[in-house]
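The values are calculated or read from the model by the stated rules, or taken from the named source; none is laboratory data. Every value quoted in this text rests on a predicted model; they were computed, and no experiment measured them. We place every Cβ from the backbone using ideal geometry, glycine too, and count neighbours over all the protein chains shown.
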Amino acid sequence: MSTSELSQSASQSAAPARRALPSPHWPPHLSPHLTIPATNLFYNAEVSAARFPDKPYIYFYDTPVTFAQFKDEAERVAGYLQQHCGVKAGDRVLLYMQNSPQWIIAYYGILRANAVVVPVNPMNLTEELAHYVEDSGATTAFVAQDLYARIAPHVHEGAGEGLHHLLVATYSDYLKREPSSPPPEFVSAPRHVAGPGVVHWADVLDARCVPGALNAGPDDLCVMPYTSGTTGKPKGCMHTHRSVMSTAVGGCNWFGSNQDAVQLSVLPLFHVTGMQGGMNSPLYNGSTIVILPRWDRDAAARAIEHYRINGWQAISTMVVDFISNPRIDEYDLSSLAWMRGGGATMPDAVVKKLRDLTGLEFVEGYGMSETMAATHINPPQRPKPQCLGIPVFDVDARVVDPITLEELPDGESGELIMHGPQVMQGYWRNPQATRDAFIERDGKRFLRTGDLVRRDEEGYYFMTDRLKRMINASGYKVWPAEVEALMYRHPAIKEVCVIGTQDERRGETVKACVVLDPKQQGSVSEDDIIAWAHANMAAYKAPRIVQFVDTLPKSGSGKILWRKLQEDEAQARG
């Protein structure tokens with residue numbers, strides 16, 4: 001896509017939506033239009049450092065990083081990238097770490113160098129990393145030393161393709177104070193990495209390189225998260241400073257966050273939900289974040305108690321694990337004022353348990369890598385359970401027949417398409433995939449999400465399922481997400497994933513992979529679950545097969561990998 005096409009698309013996305021309010025329950029204190037700052041994202045670091053220089057932006061196991069320190073170190077990183085790694089405007093730089101101060105400083109250092117961040121899931125292994133290196137064209141990568149061995153094979157000395165520079169972070173460099181809660185071993189480990197192309201984080205900072213001019217504008221590329229790759233190899237989603245700014249600023253406005261908030265940032269920062277809600281929004285409004293490098297329910301509860309955390313973003317699998325903790329009553333969670341998230345619909349049984357524990361309603365939202373987080377969020381004053389919410393600022397969302405692409409009335413299930421300021425420009429170096437992802441409506445460019453939804457009469461959207469996940473059982477359409485939500489009501493079920501499996505008579509039938517609550521193991525059988533399901537849902541929806549498993553496969557962002565279970569089942573059935 002050319003620069004002129006990028007600018008034209010961005011300017012179209014920045015225009016106010018001309019349709020009526022998406023819901024009569026639009027938050028009364030907000031305008032339906034959001035004016036997006038016409039600056040690059042790094043400007044937010046400059047503003048917060050000027051306003052709150054000595055205030056902690058980050059806490060990492062009790063070690064603070066102030067806004068002034070954060071800006072200073074990001075600028076040193078930028079200078080080093082430019083002067084020692086040859087990074088130029090528009091170059092892509094890989095970012096491959098767990099949540100840490102270095103992750104955030106590196107992200108903003110890349111932006112300060114006028115370059116593009118390519119965040120990579122820290123669960124990716126050597127073979128998977130090859131695609132990110134080759135497709136992005138990156139020659140420089142930030143990596144934590146616990147992940148170094150995976151990326152080292154992609155370093156090539158001399159000219160040519162591949163990585164030439166590895167800037168290696170040691171998490172323990174930011175353990176400046178004795179932590180009240182002991183960090184995991186991979187965080188406290190001292191520096192121990194050496195190899196071709198390696199420069200250590202501390203040496204990058206000690207070089208004190210001064211960066212050149214900051215020239216990136218709102219319509220220049222900013223960050224390029226890759227999709228999960230469920231339909232082939234992962235694709236890079238091209239986001240500009242403007243599209244990233246739109247959801248970063250929009251989230252602050254939607255929830256009324258301010259500089260005195262303290263937030264738990266435990267969702268992976270490589271994922272757009274964690275990136276925006278757990279990093280970019282707090283930096284914009286000057287609030288404080290408490291980072292955990294990996295999910296740990298006891299560490300999360302201790303952090304809430306110790307830092308008097310106001311709120312945190314989570315996904316359903318985190319919340320299920322959090323409230324299942326037999327020690328949860330030992331922690332003081334009274335400071336929590338909000339919990340919100342997305343990724344997968346929160347079962348109503350889990351919502352009730354959370355309400356009973358904290359008195360809070362879980363506020364759900366919906367977004368994609370292609371939309372840099374949320375396009376739909378529930379109004380805080382009137383959330384609905386198991387609901388994606390309503391379209392946020394300037395988002396034109398419609399429900400269409402996935403075959404004819406004609407708009408459908410309220411109550412009917414169809415594919416969600418969207419136009420808005422947070423929608424990506426397209427897929428990196430993949431013009432065919434970009435063409436396939438968009439359609440034109442009323443002179444605007446709409447993203448096809450591949451998600452099936454319905455809209456109620458109040459403008460709230462509800463997920464039906466993924467377009468390709470439907471189970472066809474004897475001609476009846478079964479949506480696994482609906483069955484899962486019902487099954488979570490069983491008191492013995494901790495986690496569940498519903499998939500389709502071959503059946504000689506029905507063509508396909510419904511199978512549920514179930515993780516039992518540890519307290520219920522031995523007291524319930526697979527047949528008991530099947531009988532309960534038949535008693536609590538329509539016969540065609542009820543699982544005919546239940547398999548108890550110890551764990552369910554999950555992505556780095558905590559989503560249950562239903563597609564892997566589906567593929568394993570297909571392979572097992574031949």
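Any residue at all in region 512-528 that is in contact with a Lys or Arg (Cβ under 8 Å, 6 or more places away or on another chain), over 26 Å from Ile323 (Cα atoms) and assigned to a loop (DSSP other than H, G, I, E, B)? There is no residue in region 512-528 that is in contact with a Lys or Arg (Cβ under 8 Å, 6 or more places away or on another chain), over 26 Å from Ile323 (Cα atoms) and assigned to a loop (DSSP other than H, G, I, E, B). Selection within region 405-420: residues that are hydrophobic (A, V, I, L, M, F, W, C) and assigned to a strand (DSSP E or B). The member of this set that is surrounded by the most Cβ atoms within 10 Å (Cβ to Cβ) is Leu416. Val483 meets each of the listed conditions (1) touching a residue at least 24 places away in the same chain (Cβ under 8 Å); (2) in contact with a Lys or Arg (Cβ under 9 Å, 6 or more places away or on another chain); (3) surrounded by fewer than 18 Cβ atoms within 10 Å (Cβ to Cβ); (4) not in a strand (DSSP E or B) apart from (3). Of the residues Phe52, Phe70, the single one that is modelled with pLDDT of 95 or more, within 25 Å of Ile289 (Cβ to Cβ) and in contact with a strand residue (DSSP E or B) (Cβ under 6 Å, 6 or more places away or on another chain) is Phe70. Among the residues examined, Asn253 qualifies as out of contact with any helix residue (DSSP H, G or I) (no Cβ under 9 Å at 6 or more places or on another chain) and surrounded by fewer than 24 Cβ atoms within 10 Å (Cβ to Cβ). Every condition in (1) aliphatic (A, V, I, L, M); (2) under 22 Å from the mean Cα position of the chain (by Cα); (3) surrounded by fewer than 17 Cβ atoms within 10 Å (Cβ to Cβ) holds for Leu357 except the one numbered (2). Looking at Gly195, is it within 30 Å of His29 (Cα to Cα), surrounded by fewer than 24 Cβ atoms within 10 Å (Cβ to Cβ) and at pLDDT below 95? So Gly195 does not fit the description; no. When region 386-399 is filtered for residues that are crowded, with 19+ Cβ neighbours inside 10 Å and either assigned to a loop (DSSP other than H, G, I, E, B) or among the aliphatic types (A, V, I, L, M) (or both), the ones remaining, listed by number, are Cys387, Leu388, Ile390, Val392, Phe393, Asp394, Val395, Ala397, Val399. Against the condition free of Cβ contacts under 8 Å to residues at least 40 places away in the same chain and either among the hydrophobic types (A, V, I, L, M, F, W, C) or in contact with a Pro (Cβ under 7 Å, 6 or more places away or on another chain) (or both), how does Thr39 come out, does it pass? Judged against the criteria, Thr39 is not a match. Here the helices (runs of 4 or more DSSP H) wholly within region 214-311 that include at least 1 residues being out of contact with any strand residue (DSSP E or B) (no Cβ under 8 Å at 6 or more places or on another chain) are 241-255, 281-285, 297-307.
Within the set Ala374, Ala337, the sole residue that is under 30 Å from Leu41 (Cα atoms), among the aliphatic types (A, V, I, L, M) and buried (at least 24 other Cβ atoms within 10 Å of the Cβ) turns out to be Ala374. For region 170-180, the criterion of a residue being among the acidic types (Asp, Glu), within 22 Å of Met275 (Cβ to Cβ) and in a loop (DSSP other than H, G, I, E, B) is satisfied by no position. Residue-level analysis places Leu129 outside the set of residues that are buried (at least 24 other Cβ atoms within 10 Å of the Cβ) and on the phi < 0 side of the Ramachandran plot. Considering region 80-167, the qualifying helices (runs of 4 or more DSSP H), each wholly inside and each with 1 or more residues that are closer than 15 Å to Cys222 by Cβ and assigned by TED's automatic domain parsing to the domain that holds His239, run over 101-112, 126-136.
Condition check: touching a residue at least 24 places away in the same chain (Cβ under 8 Å), in the same structural domain as Ile439 (by TED's automatic domain parsing) and part of a loop (DSSP other than H, G, I, E, B). Does Pro380 satisfy that? Yes: the conditions hold for Pro380. Here are the criteria: (1) assigned to a strand (DSSP E or B); (2) under 30 Å from Tyr132 (Cβ atoms). Tell me which single one Arg454 does not satisfy. Arg454 satisfies all of (1) assigned to a strand (DSSP E or B); (2) under 30 Å from Tyr132 (Cβ atoms) except (2).
When region 533-574 is filtered for residues that are assigned to a helix (DSSP H, G or I), surrounded by 14 or more Cβ atoms within 10 Å (Cβ to Cβ) and aliphatic (A, V, I, L, M), the ones remaining, listed by number, are Ala533, Leu565.
Taken over region 331-375, the residue count meeting the criterion of being farther than 25 Å from Met224 by Cα, of a type outside the set (Phe, Trp, Tyr) and in contact (Cβ under 8 Å) with a residue 24 or more places away in the chain is 19. Of all residues in region 338-352, those being at pLDDT 85 or above, over 17 Å from Glu482 (Cβ atoms) and either of a type in the set (A, V, I, L, M, F, W, C) or in contact with a helix residue (DSSP H, G or I) (Cβ under 8 Å, 6 or more places away or on another chain) (or both) number 4. Starting from residues that are over 17 Å from Trp428 (Cα atoms) and out of contact with any Ser or Thr (no Cβ under 9 Å at 6 or more places or on another chain), keep the ones in region 111-124 and report whichever is surrounded by the most Cβ atoms within 10 Å (Cβ to Cβ). Going through the qualifying residues, I end up with Ala113. Which one of the conditions (1) at pLDDT 95 or above; (2) out of contact with any helix residue (DSSP H, G or I) (no Cβ under 7 Å at 6 or more places or on another chain); (3) surrounded by 17 or more Cβ atoms within 10 Å (Cβ to Cβ) does Ser23 fail to meet, given that it meets all the rest? Going through (1) at pLDDT 95 or above; (2) out of contact with any helix residue (DSSP H, G or I) (no Cβ under 7 Å at 6 or more places or on another chain); (3) surrounded by 17 or more Cβ atoms within 10 Å (Cβ to Cβ) one by one, Ser23 breaks only (1). Considering Thr371, Thr317, the condition of being of a type in the set (Ser, Thr, Tyr), closer than 25 Å to Cys497 by Cβ, modelled with pLDDT of 95 or more and under 15 Å from the mean Cα position of the chain (by Cα) is satisfied by Thr371 alone. Scanning region 320-331 for residues that are surrounded by 12 or more Cβ atoms within 10 Å (Cβ to Cβ) and not in a helix (DSSP H, G or I) yields a total of 3. Look at Pro402 and say whether it is under 20 Å from Thr375 (Cβ atoms), of a type outside the set (Val, Ile, Thr) and either touching a Ser or Thr at 6+ places or on another chain (Cβ under 6 Å) or part of a helix (DSSP H, G or I) (or both). No: the conditions fail for Pro402.
Does Thr273 fit the bill of being buried (at least 24 other Cβ atoms within 10 Å of the Cβ), within 16 Å of the chain's Cα centre (by Cα) and over 23 Å from Ser31 (Cβ atoms)? It is true that Thr273 is buried (at least 24 other Cβ atoms within 10 Å of the Cβ), within 16 Å of the chain's Cα centre (by Cα) and over 23 Å from Ser31 (Cβ atoms).
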